[in-house]
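The values are calculated or read from the model by the stated rules, or taken from the named source; none is laboratory data. Keep in mind that what you see is a predicted model, and the values were worked out from it rather than measured. Reconstructed Cβ throughout: ideal geometry from the backbone, glycine too, with neighbour counts over all protein chains shown. Ligands, DNA and RNA are stripped out before the accessible areas are found, and what is left, the full protein with its side chains, is counted by its heavy atoms. Shrake-Rupley method; radii C 1.70, N 1.55, O 1.52, S 1.80 Å.
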Amino acid sequence: MKFNRFAPLLFLCVIGCASVARAAVDASIAKFFDDHCVKCHGPDKQKGDVRLDTLSDNFADPELRETWTKIAQMIDHGDMPPKKEARPDAAAIDTVVCWIGKTMWKTASEHPLAVRRMNRLEYENTVHDLLGIDTPLAALLPEDSSVQGFDNVSDGLSISSVLLERYMEAADAAFDGVIRRIEPEPVATRRSITIEEKENKKSIEEKRAGVMEVDGSFVKFRPGWPPIRIDDAHPHETGVYHCRIAIWPYQSPDHTPVLAVFVGPLFGPGENRFVGMFDVTGTSQEPRIIEFTTRMKEGDSMHLVPWIYPEVPGWSKDPKPGIAVKWVETEGPLDQDFPSKAQKALFGDLPMIETDHLWMRYRKNVRRHEVNSEHPKEDAQRILSAFIPKAFRRPVDAAGIEPYVALVDNLLDNGRTFEQAMRAGITAVLCSPQFLLINSDTRVDDYTLASRLSYFLWSSMPDDELMQLAATGKLRDPAVRDQQVERMLKDPRSQQFVTHFTDQWLDLAQIKFTTPDAKLYPEFDDLLETSMLGETRGFFRHILENDLSVTNFIDSDFAVLNERMAGHYKIDGVKGNEKFQIVKLPADSARGGVMAQASVLKVTANGTNTSPVLRGVWILDRMLGQPPPPPPAGVPAIEPDIRGATTIREQLDKHRANPSCARCHARIDPPGFALEHFDPIGLERDSYRSLGEGKNVGKSYKIGKPVQTDAEMSDGRSFTTFQEFRTCMMDDKMQVARSLAQKLLVYGTGRPVGVLDRPAIDGVVEYAGKNNLGLRSMIHGVVHSDLFTRP
């Protein structure tokens, strides 16, 4: 047989197997390769023109190390031995892959350091905690690169001159956030009676669609512009405000309507920040009073958006259930400190001096203030000596502080004001390698461990307790680290871990990247999308808090739902959207686990239709940790047919006729076919929806061809339904546990984790196995791992 264009793939699958059989010290390793590889790639037969018995087994050679990595991946992923050959059991595969990893580790000349900088989220959180401010900073920095699915990994976090310029801009904005320039106005309560607002009156008089007056309240039936105007309640200046909104449901439907609240500019550029969603209850005489505290800027408004489902057209002719807003109040600014608390923490009791006049719409004769010092050089030395160790997250000697002091002194000597010079000094600290870099030392001490714990579970700098433990050398003790993990997971800041780990592990951050076609999926709305995220994050949080087995991510007998999600899943008995509840699932339910959650099903859908390829790749990567290689160059992607003439399965059958595609699709397609049970917004289905061919059912879409979920997996197991596929996944629960352990190690250590680290992965799984593979126990296993404690 001549060497053909497919031989390199085969070569990567099996290269070196025979030499292992010859060179391995462990007889069981040699037997594995003799039993499963040498027959086709030894002295008697060389499939793909590849002969392996003469291949070097020099693990120290970089090229051979790369080859061995691919060998381990092919064996671990089940690509070799071929399907028609006898399959080794899971324990044998694990033994071989671990052996390769351990041997490569022992023979490696050096091990890469996990040096990385903060990603932009960590930078914002760290600066906020360091300075005591809440100025938005992440948006000033560019998007971070993703490696192995996470944006906090060393290989994707380089530093460039352009990035340093952006860091300087962010640090400058942070310094501005520290200083309050004017003395705040006294606390005042401003109330808007919505029906008395000029613009609201006008919209009712003109009979604009979707609004009306009922019982002295302004009633809105659908989201969008014009907004409910609350001009009389707008804050006059930036500060913290306590907000109150009186609401009640008009013509309340069977389900609970929701009011979504955003804060941002009424007109012009600027981001509207989501405050929360609130159940609309009460009556016109006794409305519900929503209350929350938030920071608002001068010119900001609350945007009150009704989330009423399903939205039905024709509001002006036939008013439907709506949300009535009686009045809105803002009380503040509540933060009356002048100077601000952040300024006092940084500058102490240094005085402020008046400078130029400011024009303000609601106040006269206002002057700006800036920080001043009668002994600028002495104060600069004192301030920087206290600030730099906090910023660098470790003790810093005089030599480490001196360059920053010298910078400030030089600027003072050249006529800059004290505040201008200190701005330069603080900015320099916030752009320095010692501040930006994590894991930068070749030696791991307790201060490094403190930072690793805090950036793992809080995405921010260590708090005082972690720093005190580091100072006394106690974090080297695994028992102390266990205590800190428990403390930190109980802290509200651990929501950073829940949100950002799930956003990247499950691709939840991409949930807004596609918008389902309104005709094909009229059930979709903003409330549903927001509830999708709430379900998955709440599910993860519940498993974490109760140390439940990670097998619940495959299949569970409970879900975490609000009324909108329960109705979407056709589950009765759940009331209210504001809070998510633990709901027991029926024994025959297709729900349970993350694969059946609408958030995952939406982010794995291809536009407005489903793609078994996207979903299959997602299962292999995110759940099994066995991502397939990229598709061959020049092979076109499969486009969904929303006209209903062909199913995606029919298109894939033709696609797999291409030999270069068939091998990978044997692994990709079966899990993708199983998830065809669900549509792009997570509804169960028996048939596809179509905008062209199909049965007319009096809706905006037609019923197309039936869905087929049966398939045969690459290892020969078969299933006919999604539930049966999920059972197959439960049979692979140890692989799922290894996959999650690897992803936690990547996220928790900020370094790539591969075959070389298989012993560490198995160590985390073994640690969690003592507690039924509990998720919380798995996190403890991560901080016990050598990967977590080495440079």
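Could you list all residues from the range 128-147 that are more than 27 Å from F387 (Cα to Cα) and in contact with an Asp or Glu (Cβ under 9 Å, 6 or more places away or on another chain)?
If we filter the range 128-147 for residues that are more than 27 Å from F387 (Cα to Cα), which is where we start, we get 143-147.
Selection gives E143, D144, S145, V147.
State the number of residues belonging to the range 164-204 that are among the hydrophobic types (A, V, I, L, M, F, W, C), open to solvent by 20 Å² or more (accessible area, probe 1.4 Å) and either under 19 Å from L346 (Cβ atoms) or at pLDDT below 95 (or both). Full working, then the answer.
So in the range 164-204, the residues among the hydrophobic types (A, V, I, L, M, F, W, C) come out as 164, 168, 170-171, 173-175, 178-179, 182, 187-188, 193, 195, 204.
Next cut, open to solvent by 20 Å² or more (accessible area, probe 1.4 Å) only: 164, 168, 173, 182, 187-188, 193, 195, 204.
Among the residues that remain, those that are also either under 19 Å from L346 (Cβ atoms) or at pLDDT below 95 (or both) are: 164, 168, 173, 182, 204.
Here the count works out to 5.
From the residues in the range 248-270 that are within 27 Å of the chain's Cα centre (by Cα) and at pLDDT below 85, which one is least open to solvent (accessible area, probe 1.4 Å)?
In the first step, residues of the range 248-270 are kept if they are within 27 Å of the chain's Cα centre (by Cα); the result is 258-265, 269-270.
Filter once more, keeping what is at pLDDT below 85: 269-270.
On the way: P269: 126, G270: 59 Å².
Checking each candidate, the answer is G270.
Assess whether D555 counts as being open to solvent by 30 Å² or more (accessible area, probe 1.4 Å) and not basic (K, R). Steps first, answer last, please.
Values: open to solvent by 30 Å² or more (accessible area, probe 1.4 Å): yes; not basic (K, R): yes.
Taking the combined requirement at face value, the residue satisfies it.
I need every pair where a residue in the range 399-428 that is part of a helix (DSSP H, G or I) has its Cβ under 8 Å from the Cβ of a residue that is open to solvent by 70 Å² or more (accessible area, probe 1.4 Å), sequence separation at least 6 or different chains.
Going by the 8 Å Cβ cut-off, the qualifying pairs are G400/Q434; V405/Q381; V408/K377; D409/K377; L411/Q420; L412/K377; A424/R416; T427/M168.
Among the residues of the range 449-464, is there at least one that is in a helix (DSSP H, G or I), farther than 20 Å from Y747 by Cα and over 25 Å from the mean Cα position of the chain (by Cα)? Walk me through how you get there before you give the answer.
To start, the set of residues in the range 449-464 that are in a helix (DSSP H, G or I) comprises 449-457, 464.
From the residues that got through so far, the ones that are farther than 20 Å from Y747 by Cα too are 464.
Filter again for over 25 Å from the mean Cα position of the chain (by Cα), leaving 464.
Among the residues of the range 449-464, at least one is in a helix (DSSP H, G or I), farther than 20 Å from Y747 by Cα and over 25 Å from the mean Cα position of the chain (by Cα), which makes the answer yes.
Table: residues versus (1) more than 26 Å from V97 (Cβ to Cβ); (2) open to solvent by 30 Å² or more (accessible area, probe 1.4 Å); (3) at pLDDT 85 or above.
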site	(1), (2), (3)
G592	yes, no, yes
L601	yes, no, yes
T610	yes, no, yes
R622	no, yes, yes
G634	yes, yes, no
D641	yes, yes, no
Q651	yes, yes, no
N658	yes, yes, no
H665	no, no, no
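Could you tell me how many of the residues in the range 47-90 are modelled with pLDDT of 70 or more and part of a helix (DSSP H, G or I)?
17
Which condition number does P306 fail, the rest of (1) within 26 Å of L334 (Cβ to Cβ); (2) under 29 Å from the mean Cα position of the chain (by Cα); (3) in contact (Cβ under 8 Å) with a residue 40 or more places away in the chain; (4) assigned to a strand (DSSP E or B) being met?
(1)
Just to verify a result, which residue in the range 234-247, among those that are part of a strand (DSSP E or B), in contact with a Ser or Thr (Cβ under 7 Å, 6 or more places away or on another chain) and not aliphatic (A, V, I, L, M), is most open to solvent (accessible area, probe 1.4 Å)? Break it down into steps so the answer makes sense when it comes.
Filtering the range 234-247 down to residues part of a strand (DSSP E or B) leaves 239-247.
Okay, now just the ones that are also in contact with a Ser or Thr (Cβ under 7 Å, 6 or more places away or on another chain), so 240-243.
Filter once more, keeping what is not aliphatic (A, V, I, L, M): 241-243.
Details: Y241: 1, H242: 43, C243: 0 Å².
Selected residue: H242.
Does V396 satisfy the criteria of being under 29 Å from E374 (Cβ atoms) and open to solvent by less than 30 Å² (accessible area, probe 1.4 Å)?
Values: under 29 Å from E374 (Cβ atoms): yes; open to solvent by less than 30 Å² (accessible area, probe 1.4 Å): no.
Considered against the rule, which asks whether it is under 29 Å from E374 (Cβ atoms) and open to solvent by less than 30 Å² (accessible area, probe 1.4 Å), V396 comes out as no.
Does P389 satisfy the condition of being part of a loop (DSSP other than H, G, I, E, B), over 14 Å from A424 (Cα atoms) and either free of Cβ contacts under 8 Å to residues at least 24 places away in the same chain or not charged (D, E, K, R) (or both)? Talk me through it step by step, then tell me what you get.
Numbers: part of a loop (DSSP other than H, G, I, E, B): no; over 14 Å from A424 (Cα atoms): yes; either free of Cβ contacts under 8 Å to residues at least 24 places away in the same chain or not charged (D, E, K, R) (or both): yes.
Considered against the rule, which asks whether it is part of a loop (DSSP other than H, G, I, E, B), over 14 Å from A424 (Cα atoms) and either free of Cβ contacts under 8 Å to residues at least 24 places away in the same chain or not charged (D, E, K, R) (or both), P389 comes out as no.
Residues D517, D482, D507: which one is surrounded by 15 or more Cβ atoms within 10 Å (Cβ to Cβ) and more than 16 Å from the chain's Cα centre (by Cα)?
Being surrounded by 15 or more Cβ atoms within 10 Å (Cβ to Cβ) and more than 16 Å from the chain's Cα centre (by Cα) holds for just one of D517, D482, D507, which is D517.
Do the conditions hold for G698, that is, is it farther than 14 Å from G616 by Cα, in a loop (DSSP other than H, G, I, E, B) and open to solvent by 30 Å² or more (accessible area, probe 1.4 Å)? Before you say what the answer is, go through the steps one by one.
Values: farther than 14 Å from G616 by Cα: yes; in a loop (DSSP other than H, G, I, E, B): yes; open to solvent by 30 Å² or more (accessible area, probe 1.4 Å): yes.
Criteria met by G698.
State whether one or more residues within the range 95-105 are open to solvent by 40 Å² or more (accessible area, probe 1.4 Å), modelled with pLDDT under 80 and either out of contact with any helix residue (DSSP H, G or I) (no Cβ under 9 Å at 6 or more places or on another chain) or of a type outside the set (A, V, I, L, M, F, W, C) (or both).
To start, the set of residues in the range 95-105 that are open to solvent by 40 Å² or more (accessible area, probe 1.4 Å) comprises 95, 99, 102, 105.
Narrowing further to those that are modelled with pLDDT under 80: 99, 102, 105.
Among the residues that remain, those that are also either out of contact with any helix residue (DSSP H, G or I) (no Cβ under 9 Å at 6 or more places or on another chain) or of a type outside the set (A, V, I, L, M, F, W, C) (or both) are: 102.
Yes, the range 95-105 contains at least one residue that is open to solvent by 40 Å² or more (accessible area, probe 1.4 Å), modelled with pLDDT under 80 and either out of contact with any helix residue (DSSP H, G or I) (no Cβ under 9 Å at 6 or more places or on another chain) or of a type outside the set (A, V, I, L, M, F, W, C) (or both).
Within the range 559-580, which residues are surrounded by 17 or more Cβ atoms within 10 Å (Cβ to Cβ) and either within 22 Å of the chain's Cα centre (by Cα) or under 25 Å from S777 (Cα atoms) (or both)? Break it down into steps so the answer makes sense when it comes.
First, pick out the residues of the range 559-580 that are surrounded by 17 or more Cβ atoms within 10 Å (Cβ to Cβ): 559-569, 571, 574, 577-578, 580.
Hits for the range 559-580 are A559, V560, L561, N562, M565, E578, F580.
Residue check: is L533 open to solvent by 10 Å² or more (accessible area, probe 1.4 Å), touching a helix residue (DSSP H, G or I) at 6+ places or on another chain (Cβ under 9 Å) and under 29 Å from E143 (Cα atoms)? Break it down into steps so the answer makes sense when it comes.
Numbers: open to solvent by 10 Å² or more (accessible area, probe 1.4 Å): yes; touching a helix residue (DSSP H, G or I) at 6+ places or on another chain (Cβ under 9 Å): yes; under 29 Å from E143 (Cα atoms): yes.
Judged against the criteria, L533 is a match.
Could we say that V613 is among the β-branched types (V, I, T), under 22 Å from the mean Cα position of the chain (by Cα) and in a helix (DSSP H, G or I) here?
Values: among the β-branched types (V, I, T): yes; under 22 Å from the mean Cα position of the chain (by Cα): no; in a helix (DSSP H, G or I): yes.
No.
Residues D441, D491, D464, D482: which one is at pLDDT 95 or above, acidic (D, E) and either within 30 Å of N577 (Cα to Cα) or touching a Ser or Thr at 6+ places or on another chain (Cβ under 9 Å) (or both)? Break it down stepwise before answering.
Details: D441 fails: at pLDDT 95 or above; D464 fails: either within 30 Å of N577 (Cα to Cα) or touching a Ser or Thr at 6+ places or on another chain (Cβ under 9 Å) (or both); D482 fails: either within 30 Å of N577 (Cα to Cα) or touching a Ser or Thr at 6+ places or on another chain (Cβ under 9 Å) (or both).
Unique residue meeting the criteria: D491.
How many residues does the range 736-791 hold that are under 22 Å from I619 (Cα atoms) and part of a loop (DSSP other than H, G, I, E, B)?
Looking only at that region, the number is 4.
Starting from residues that are polar (S, T, N, Q) and within 19 Å of the chain's Cα centre (by Cα), keep the ones in the range 735-756 and report whichever is most open to solvent (accessible area, probe 1.4 Å).
Residues of the range 735-756 polar (S, T, N, Q): 735, 739, 742, 749.
Next cut, within 19 Å of the chain's Cα centre (by Cα) only: 739, 742, 749.
Working: S739: 2, Q742: 39, T749: 8 Å².
Among them, the one singled out is Q742.
Of (1) within 30 Å of F678 (Cα to Cα); (2) surrounded by fewer than 18 Cβ atoms within 10 Å (Cβ to Cβ), T502 satisfies all except one. Which?
Condition not satisfied by T502: (2).
In the set V736, V755, V782, which member is more than 25 Å from L601 (Cα to Cα) and at pLDDT 95 or above? Don't jump to the end; show me each part of the working.
On the way: V736 fails: more than 25 Å from L601 (Cα to Cα); V755 fails: at pLDDT 95 or above.
Going through V736, V755, V782 in turn, just one is more than 25 Å from L601 (Cα to Cα) and at pLDDT 95 or above: V782.
If we scan the range 114-130, do we find a residue that is open to solvent by 60 Å² or more (accessible area, probe 1.4 Å), over 25 Å from T448 (Cα atoms), assigned to a helix (DSSP H, G or I) and acidic (D, E)?
Checked against the condition, which is being open to solvent by 60 Å² or more (accessible area, probe 1.4 Å), over 25 Å from T448 (Cα atoms), assigned to a helix (DSSP H, G or I) and acidic (D, E), the range 114-130 yields no hits at all.
Using beta carbons and a limit of 7 Å, which pairs, at least six apart or on different chains, have the first residue in the range 451-467 and within 13 Å of L121 (Cα to Cα) and the second one outside any loop (DSSP other than H, G, I, E, B) and at pLDDT below 95?
Partner pairs satisfying both residue conditions: Y455/I438.
I'd like the residue in the range 399-411 that is under 18 Å from M422 (Cα atoms) and hydrophobic (A, V, I, L, M, F, W, C) and, out of all such residues, is surrounded by the fewest Cβ atoms within 10 Å (Cβ to Cβ).
Let us first name the residues in the range 399-411 that are under 18 Å from M422 (Cα atoms), namely 400-411.
From what's left, hydrophobic (A, V, I, L, M, F, W, C): 401, 405-408, 411.
Details: I401: 19, V405: 19, A406: 11, L407: 18, V408: 26, L411: 20.
Per the criteria, the residue is A406.
Yes or no: the range 145-164 includes at least one residue that is in contact (Cβ under 8 Å) with a residue 40 or more places away in the chain, polar (S, T, N, Q), over 27 Å from L744 (Cβ atoms) and not in a loop (DSSP other than H, G, I, E, B).
No, the range 145-164 contains no residue that is in contact (Cβ under 8 Å) with a residue 40 or more places away in the chain, polar (S, T, N, Q), over 27 Å from L744 (Cβ atoms) and not in a loop (DSSP other than H, G, I, E, B).
Among the residues of the range 205-228, write down those that are in contact with a helix residue (DSSP H, G or I) (Cβ under 8 Å, 6 or more places away or on another chain), surrounded by fewer than 17 Cβ atoms within 10 Å (Cβ to Cβ) and free of Cβ contacts under 8 Å to residues at least 60 places away in the same chain.
Filtering the range 205-228 down to residues in contact with a helix residue (DSSP H, G or I) (Cβ under 8 Å, 6 or more places away or on another chain) leaves 211-213, 216-218, 223, 226, 228.
Okay, now just the ones that are also surrounded by fewer than 17 Cβ atoms within 10 Å (Cβ to Cβ), so 213, 216, 226.
Matches in the range 205-228: E213, P226.
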